[in-house]
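Presented below is the structure to which this report refers.
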Amino acid sequence: MKKTLIAYFTRTGITKKLAEDTAKQTGADLFAIEPVKEYSSSYLICVGQAKLENLQNARPAIKAKPQNLQDYDTIVVMFPIWWFTCPNIILTFLEENDLSGKTVIPVCTYGSSGKGSSEKAMTAVCK
Ligand SMILES: Cc1cc2nc3c(=O)[nH]c(=O)nc-3n(C[C@H](O)[C@H](O)[C@H](O)COP(=O)(O)O)c2cc1C
């Protein structure tokens, strides 16, 4: 039977908590999308880092890839909204893993703005 993987990126832990609670309730597996170069713990500095990545259409490197992707038919991608869209590291994740034929479900946490253009940005890079 095919399974569900929840791949999440978090900076301050809110999305991690959501991912862990969802995994516990659904039995899905978890994968943490971890940047090679950590983002600043200072909100203001991180806002600058995120804006720069956004402007440069950067693809920040991820430490590792999920194992046994072929076992999953559904990938839930959880992330915080950064600058009204998904963090660029989510685009790295979608591009460097072969998710063809799988159902990709985006789930975001945010302060107040809602999902912004994250769905559009993710759809554009999904093969
Ligand atoms: C760089 C940066 C940009 C953000 N931009 C937005 C935004 O555009 N809209 C919004 O509602 N929240 C924004 N937030 C708030 C986060 O989306 C929110 O706090 C999120 O739940 C944090 O999740 P985490 O703890 O998993 O990192 C931003 C936070 C950061 C650090």
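What is the Rg over Rh value, at two decimals, for the stretch 10-87, using alpha-carbon atoms and the Kirkwood definition of Rh?
Rg/Rh: 0.99.
Let me spell out the model: positive unit charges on the Cβ of Lys and Arg, negative unit charges on the Cβ of Asp and Glu, origin at the Cα centre of the stretch 3-125. What dipole size does that give, in debye rounded to 20?
It works out to roughly 280 debye.
Can you tell me the length gained on complete extension of the stretch Val125 to Thr26, counting 0.36 nm per residue apart and subtracting the Cα distance?
In short, 32.9 nm is gained.
Report the Cα centroid-to-centroid distance between the stretch 62-127 and the stretch 12-44 in angstrom, as an integer.
That distance is 13 Å.
So what is the relative contact order of the chain, in percent, for Cα pairs below 8 Å that sit 6 or more residues apart?
27 percent
Output the peptides 108-117, 82-91 sorted from most to least packed, where packing is the average of other Cβ atoms within 10 Å over each peptide's residues.
Taking the mean over residues of other Cβ atoms within 10 Å, the ranking is 82-91, 108-117.
A short reminder: the numbers here are calculations on the coordinates, not readings from a lab. Worth saying up front: this structure is predicted, and the values here are computed from it rather than measured. Every residue, glycine among them, receives a Cβ derived from its backbone with ideal geometry; neighbour counts consider all protein chains shown.
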